[in-house]
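Enquirer: Structure provided below as structure tokens; questions to follow.
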There are 2 protein chains.
Amino acid sequence: MSLSRLSILGVGLLGGSIGLAARSRISGCQVVGYGHRTETLDRALQLGAIDVATLDPAEAVSGTELVILATPVGRFERVLNQIAPHLSSAAVVTDVGSTKRSVVQLAEQALPNPARFVGSHPMAGGERAGIDAARADLFDRAMCMTTPMPQTDPTALELVESFWRILGMRVIRLSPEDHDRHLADASHLPHLLASMLVAMQSSDSLELAGKGFADMTRIAAGDGGLWRDILLDNADNVRDSIARLRAQLDCVEALLRPDQADALRTYLDTAAATRRALSSPGRES
Amino acid sequence: MSLSRLSILGVGLLGGSIGLAARSRISGCQVVGYGHRTETLDRALQLGAIDVATLDPAEAVSGTELVILATPVGRFERVLNQIAPHLSSAAVVTDVGSTKRSVVQLAEQALPNPARFVGSHPMAGGERAGIDAARADLFDRAMCMTTPMPQTDPTALELVESFWRILGMRVIRLSPEDHDRHLADASHLPHLLASMLVAMQSSDSLELAGKGFADMTRIAAGDGGLWRDILLDNADNVRDSIARLRAQLDCVEALLRPDQADALRTYLDTAAATRRALSSPGRES
């Protein structure tokens, strides 16, 4: 793809990894990094994640073709308002937030041309945060959801989706509403459950926890502030997911009886077959 | 340790791995394998998991020092009754079942000298079952719980615990009641939850599942029959664990409000700190 100037606002794990990947995969692309801390920007320059650093959002987006919001979601509104007056008419804006309804709404309110905004959710990350955890291959074979609106400019959507594909991602397009609803089931509730599973253990039961427990609760070690923001932003859907989990608990409790042994086995076997199908070749697991 | 003859009843993943490990780590130890299918026994001989194979439980335990029950838990009662008349007075019997109250009770009823029985739960395994998945290093750095009773012969306990340590395991001793209660929290409920998380997904949300979901639900791919037996055998404790999880759900639902943002963050941060402490060096994670 041809991209002469890319602006990354926020150079933590995701922003830094985007810079590393873009600089190695898109020739002739200058990467401008914005951050509010000099040390982080210096480190990003040192690691080769960005070509140019600035503490000024306006300067960061001047003359750029693609802007990627990669600050914590809680800062999106302020940053969008700061850059809005300085975007060229051709600039396309996207983000890396884990929820999409609220970001799309913010962009519609803040940007002069909301049709050039495309919501994105690259599903990559890790327990470690910050620029020092950034890697050029963070997005390889991962999934990226894009959430265009009916009014979204097709050329903006094309630019954003091409960009994620060049970083190695598989792109899935869906509405912001569907995104937030499905992610509550597939990501936000699982994260909460991992935290609950840890929280409910006694020190004695934790002592007996094995590999299965460790695998199941690994995501609970993630950043509490980041997850609080995601869960509150998507609270309505997370509540619905909790209700669906409660229905499963009711169902399983009714099966925990000797005379329901066959039905319990069918329940477990069905889930096992579904889970095994997930790790089919070619799919990240 | 000195062990001239070891009998493994049931040569699947666990029984086969015990044979492989014992044959490589205990010199001069003859390993006798019992199974009810000739093909499995032939494969165990071929892989070097056992020295001698027999379809007769009585023959399998004749003149042996240590008997390990490694059939599915559902066959323990029959096998215990079959071997009871043929055990030498010095023979020690143990098992590898995932629940302990019921096995200890069965042994007390079936064996001529229950003081020579020691319940064991080596926490090792994997999604794959059967002799072909057996490995000599399956138990390396894993945990093994032993559940002696007040009347258990100390020399029998010493033999069993030494055996697991030679296989590379860290041994933890606790009562059958404590074992089953703690395991319901740390293993049985987590397994059920993994199945529920898979069962509640729509095909659309499954499509968006990432690495976190895959990690969290990996154990749901396990054998449904095996897990049904564990869950039914420990149903009372699993119900208590479900009640504790419901209390966590109530708590978290109350925190899913903007005015509870700080409390939600504290909840997530506390769980994250506990989880991070789990993966400290030297601990399997």
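Enquirer: Count neighbours as other Cβ atoms within 10 Å of each site's Cβ, and list the trypsin sites (Lys or Arg not before Pro) in region A:1-62 that are DSSP loop with at most 15 such neighbours.
Expert: Sites meeting the loop and neighbour criteria: A:ARG37.
Enquirer: Could you give the spread of the C-alpha atoms of chain B along their three principal axes, from largest to smallest, in whole angstroms?
Expert: Ordered largest first, chain B gives principal extents of 70, 41, 35 Å.
Enquirer: Further question: Just the number, please: percent antiparallel of the DSSP beta bridges in the protein assembly as shown, rounded to the nearest 5. Kindly include the intermediate steps, with their values, before the conclusion.
Expert: Values: 10 of 54 bridges.
Around 20 percent antiparallel, to the nearest 5.
Enquirer: Under DSSP H, which helices of chain B have Cα atoms covering 24 Å or more of the helix axis and a Kyte-Doolittle average no less than -1.0? All intermediate terms of the calculation are to be shown ahead of the outcome.
Expert: On the way: long enough: B:235-255 (30 Å, -0.06); B:261-278 (26 Å, -0.09).
Result, helices passing both filters: B:235-255, B:261-278.
Enquirer: Also, I was wondering about something else. Could you work out [θ]222 nm for chain A from helices alone, using -39500 (n - 2.57) per DSSP H run of at least four and dividing by all its residues? Round to the nearest 500 deg cm²/dmol. Don't skip to the answer; put the middle values down first.
Expert: Values: 13 runs with 139 residues, N = 285.
So the calculated ellipticity at 222 nm is -14500 deg cm²/dmol.
Enquirer: Here is a further query. Defining the label point at 7 Å along Cα→Cβ, can you sort the distances from A:PRO85 to the same site in each other copy, shortest first, in nm?
Expert: 9.8
Enquirer: If you don't mind, there's one more thing I want to ask. Along the principal axes of its C-alpha atoms, what lengths does region B:36-89 span, in descending order and rounded to whole Å?
Expert: Its Cα atoms span 31, 25, 15 Å along the three principal axes.
Enquirer: Can you tell me, using C-alpha contacts under 8 Å and at least 6 residues apart, the relative contact order of region B:111-248 as a whole percent? Could you put the intermediate results ahead of the total?
Expert: Values: 130 pairs, mean separation 33.2, N = 138.
Relative contact order for region B:111-248 comes out at 24 percent.
Enquirer: Here is a follow-up. Just need the relative contact order of region A:179-278 here, percent rounded to a whole number, with Cα pairs under 8 Å and 6+ apart. Intermediate values should be presented prior to the final figure.
Expert: Numbers: 35 pairs, mean separation 32.8, N = 100.
The normalised contact order for region A:179-278 reaches 33 percent.
Enquirer: For chain A, what is the relative contact order in percent, using Cα pairs closer than 8 Å and at least 6 residues apart in sequence? Mind showing how you got there, number by number?
Expert: Numbers: 458 pairs, mean separation 43.8, N = 285.
Across chain A, relative contact order equals 15 percent.
Enquirer: Under a GNM of chain A (C-alpha, springs under 10 Å), which listed residue has the highest mean-square fluctuation: A:HIS36, A:HIS121, A:HIS188?
Expert: Among A:HIS36, A:HIS121, A:HIS188, the largest mean-square fluctuation in the Gaussian network model of chain A belongs to A:HIS36.
Enquirer: Sum up the charges of everything whose Cβ sits under 11 Å from the Cβ of B:ALA21, counting Lys and Arg as +1 and Asp and Glu as -1, but leave B:ALA21 out. List each step's numbers first, then the result.
Expert: Numbers: positive: B:ARG23, B:ARG25, B:ARG135; negative: B:ASP137, B:ASP140.
So the surrounding residues net to +1.
Enquirer: Please compute the volume of the convex hull spanned by the alpha-carbon atoms of region A:5-174 and report it per residue in Å³. Please list the in-between numbers first.
Expert: Numbers: hull volume 16.6 nm³, N = 170.
Dividing the Cα hull volume of region A:5-174 by its residue count gives 98 Å³.
Enquirer: Assume the label is 7 Å from Cα along Cα to beta carbon: what separations in nm does A:ALA261 have to the matching positions in the other copies?
Expert: From this label point to the equivalent ones elsewhere in the assembly: 5.4 nm.
Enquirer: Right, here's the next one. Restricting to bridges with both residues inside chain A, how much of the DSSP beta-bridge set is antiparallel, in percent to the nearest 5? Mind dumping the intermediate values first?
Expert: Working: 5 of 27 bridges.
Taking every DSSP beta bridge within chain A, about 20 percent pair in antiparallel fashion.
Enquirer: Would you grab the residues whose amide H sits under 5 Å from the one on B:VAL67? Only those 5+ places off in sequence or on another chain, please, with H modelled 1.01 Å from N.
Expert: So B:VAL67 has HN proximity to B:SER7, B:VAL92, B:VAL93, B:THR94.
Enquirer: Same structure, new question: A:MET123's amide H: which non-local residues (gap 5+, or another chain) put their own amide H closer than 5 Å, with H modeled 1.01 Å from N in plane and none for Pro or chain starts?
Expert: The answer is A:MET143, A:CYS144, A:MET145.
Enquirer: Hull surface divided by four, with the convex hull built on the Cα atoms of region B:179-278: how many nm²?
Expert: Details: hull surface 31.8 nm².
Average of the hull's projected areas for region B:179-278 equals 7.9 nm².
Enquirer: Follow-up. As a test, work out the antiparallel percent of DSSP beta bridges whose residues both lie in region B:5-174, rounded to the nearest 5.
Expert: Numbers: 5 of 27 bridges.
Of those bridges, close to 20 percent are antiparallel.
Enquirer: Once the dipole of region B:5-174 is set up with Lys and Arg at +1 and Asp and Glu at -1 on Cβ about the Cα centre, which of B:GLN46, B:ALA22, B:SER162 lies farthest towards its positive end?
Expert: B:SER162
Enquirer: First select every other residue whose beta carbon is under 10 angstrom from the beta carbon of A:THR71; then total the charges, Lys and Arg +1, Asp and Glu -1. Before the final figure, lay out the partial values.
Expert: On the way: positive: A:ARG75, A:ARG78; negative: A:ASP95.
Around A:THR71, the surrounding residues sum to +1.
Enquirer: I want the local charge near A:ALA90. Using Cβ-Cβ distances under 15 Å, sum +1 for each Lys or Arg and -1 for each Asp or Glu among the other residues. Spell out each step's value before the answer.
Expert: Values: positive: A:ARG5, A:ARG116; negative: A:GLU65, A:ASP153, A:GLU158.
So the surrounding residues net to -1.
Enquirer: Under a straight-distance cross-link criterion of Cα-Cα below 20 Å, which lysines are reachable from B:LYS100, leaving out those fewer than 8 residues away in the same chain?
Expert: Within reach: A:LYS211.
Enquirer: Let me ask you something else. With the alpha-carbon atoms as the only input, what is the per residue convex hull volume for the protein assembly as shown in Å³?
Expert: On the way: hull volume 88.2 nm³, N = 570.
Each residue corresponds to 155 Å³ of Cα convex hull volume.
A short reminder: the numbers here are calculations on the coordinates, not readings from a lab. These numbers come from a predicted model, not from an experiment. As a convention, Cβ positions derive from the backbone with ideal geometry for all residues, glycine included, and neighbour counts pool all protein chains shown.
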